[in-house]
1. Count, please, the residues in the stretch 313-340 that happen to be among the charged types (D, E, K, R), open to solvent by 90 Å² or more (accessible area, probe 1.4 Å) and part of a helix (DSSP H, G or I).
2. In the stretch 169-200, which residues are aliphatic (A, V, I, L, M), open to solvent by less than 90 Å² (accessible area, probe 1.4 Å) and closer than 15 Å to residue 101 by Cα?
3. Give the residue, chosen from 149, 202, that is on the phi < 0 side of the Ramachandran plot, in a helix (DSSP H, G or I) and in contact with a Ser or Thr (Cβ under 7 Å, 6 or more places away or on another chain).
4. Here are 97, 73, 101: which of them is part of a helix (DSSP H, G or I) and either closer than 24 Å to residue 292 by Cβ or open to solvent by 40 Å² or more (accessible area, probe 1.4 Å) (or both)?
5. Do we find a residue being open to solvent by 20 Å² or more (accessible area, probe 1.4 Å) and hydroxyl-bearing (Ser, Thr, Tyr) anywhere in the stretch 295-312?
6. Considering only the stretch 126-138, I want to know if a residue exists there that is open to solvent by 50 Å² or more (accessible area, probe 1.4 Å), within 20 Å of residue 209 (Cβ to Cβ) and not acidic (Asp, Glu).
7. Quick check: anything in the stretch 223-231 open to solvent by 20 Å² or more (accessible area, probe 1.4 Å), touching a Leu at 6+ places or on another chain (Cβ under 9 Å) and under 22 Å from residue 88 (Cα atoms)?
8. So the check is Cβ under 9 Å with 6+ separation or different chains; which pairs have a first residue in the stretch 164-182 that's free of Cβ contacts under 8 Å to residues at least 40 places away in the same chain and farther than 16 Å from residue 90 by Cβ and a second one that's assigned to a loop (DSSP other than H, G, I, E, B) and among the polar types (S, T, N, Q)?
Amino acid sequence: MKKFDKERVLLAVAGPVMALVAAILLTSVVLIASGKSPIEPYSLMLEQIGYSDVQVLIVNQASLYYIAALAVALGFRMNLFNIGVDGQYRLAAMMTAVVGAHVDLPAFLQVPMLLLVAVLTGGIWAGVAGVLKVTRGVSEVVATIMLNAIATSLIAYLTLPEVFGELVGDNKTTGIMNESGWVPGIDLGQDVGEIYGLVFLAVALGIVYWLVLNRTRFGFDLRATGESESAAAASGVDAKRMILTVMIVSGGVSGLAGLPLLLGSAHTYSLSFPTGVGFTAIGIALLGRNNPGGIALAALLWAFLDKASPALDYATPEPYEKEIAMIMQGLIVFAVVISYEVVRTWGLRRQQKRVGEELAAAANTKKEVAV
C-alpha cells in the first residue's frame, strides 16, 4: 500500500476511534463522579455479546438503524441535512401497515407492493421539503423538522378507530397485516429468536449505495454538487434538480427503515412502534463517515448499546442505570464532531507539509540542473 493510501486509511479510522475512546473516557468520568465503578458496566454489557438471543436482537435493531442512516448519509454527501428521516420512516411504516391490513394479494405481489408503498410515502414526504428548498429557498433543516411534527399528528389522526385504526386495550393499532405481507426470517430456535428477513434488504441497500455513489454518473453529480454547486453547474449539472432528486431518494430509503420490524415481527403499526430512529441515524451516519461499511459498524455499536444495557439492571450488589448507554451514545455524537475536526485539521496540515516538501525538492532540482 502506498504512503498516501496509508494516510488516507489512517484519517478515515482516526475520527471514529477517537470519538469512541473519548466517549468511553467521559462516561467513565461520569461513573466515577457518581461513586460507581468505571469498568463494571462495560464488562457487563460486553458479556451480553456471548448470548445468541442478544446477538439476534442486535442484528435486527442494527438493520433499522442502518437503513435510516443510509438515508441520512445520502443527504450528507450533498450537504443536505435531512432531519426528517424519523417522520418519513414512521409515516411510511404506518401507511404500509394500513395497506397491508386492507389489501391481500399473493405474497410475491404483496411484499413488493408494501415495499413500494413505503418508498413512495417516504419519498413524497421528503420531496415536500425538497420542493420548498428549490422553489422558495426554505432550509431543508427547518422544513423537515416541521414535517416531522406534521407526520406525528397525521399518524395520530389516521390511527383513530374511526379512520384506519383499531383500539386494542389502551393501544391504538392499524390492525394485523395480512400474512401474505409477512417476510419470514431465519429462525434460530425458540430460545434464540429470528433474524428479520429484511436484514438482507439492508445489506443490499448498502451495496447499492456504494455502487451508485462511486460507480455512476448520478453519484458523481451528487458528490460534485455537494462539494460546490457552482462548480457542478459549470460542468452541466442542474443543482436544483439534484437537490430535489436526492431529497426524494433519501426519503424513499428512510421509508424502508421500519419494514424489517414491521414485516418481520410487529405486523402492525401501534403506539409502541419505535420513535427517534431517524435522530439516532444522524449520529450513526456521522460516526460511520457516510461510508456504508463504517455506517454498518456504527449501527451495530448503537444496537449493542441498546440491547446490552438492560443487563445493567441485574448488576450486584447495586444495579446501574440503563441511561449509562444513552449517555455514551450522546457523548459519541458530541465527540464525533470534535474528533473529526481535529483529524481534518491534522490531515490538512500533513497535506500542506507534503506539498511544501515537494515544491522545495522541485526547486532544489531546478537549481542543480541550472548549475
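The values are calculated or read from the model by the stated rules, or taken from the named source; none is laboratory data. Only a predicted model underlies this, so the values are computations on that prediction, with no experimental measurement involved. Cβ coordinates were reconstructed from backbone atoms using ideal geometry, including for glycine residues, and neighbour counts include every protein chain displayed. These area figures cover heavy atoms from the full protein model, side chains too; ligands, DNA and RNA do not enter into them. Shrake-Rupley method; radii C 1.70, N 1.55, O 1.52, S 1.80 Å.
1. Of the residues in that region, 1 qualify.
2. Answer for the stretch 169-200, where residues must be aliphatic (A, V, I, L, M), open to solvent by less than 90 Å² (accessible area, probe 1.4 Å) and closer than 15 Å to residue 101 by Cα: 177, 183.
3. Details: 149 fails: in contact with a Ser or Thr (Cβ under 7 Å, 6 or more places away or on another chain).
Answer to the check: 202.
4. Only one candidate passes the filter, namely 73.
5. no
6. Within the stretch 126-138 (the criterion being open to solvent by 50 Å² or more (accessible area, probe 1.4 Å), within 20 Å of residue 209 (Cβ to Cβ) and not acidic (Asp, Glu)), the answer is no, since none of the residues qualifies.
7. Start the filter on the stretch 223-231 by keeping residues that are open to solvent by 20 Å² or more (accessible area, probe 1.4 Å), which leaves 223-224, 227-231.
Now narrow it down to the ones that are touching a Leu at 6+ places or on another chain (Cβ under 9 Å): 223.
So of that shortlist, the ones also under 22 Å from residue 88 (Cα atoms) come out as none.
No, the conditions are met nowhere in the stretch 223-231.
8. From the stretch 164-182, the pairs are 166/159; 166/174; 166/268.
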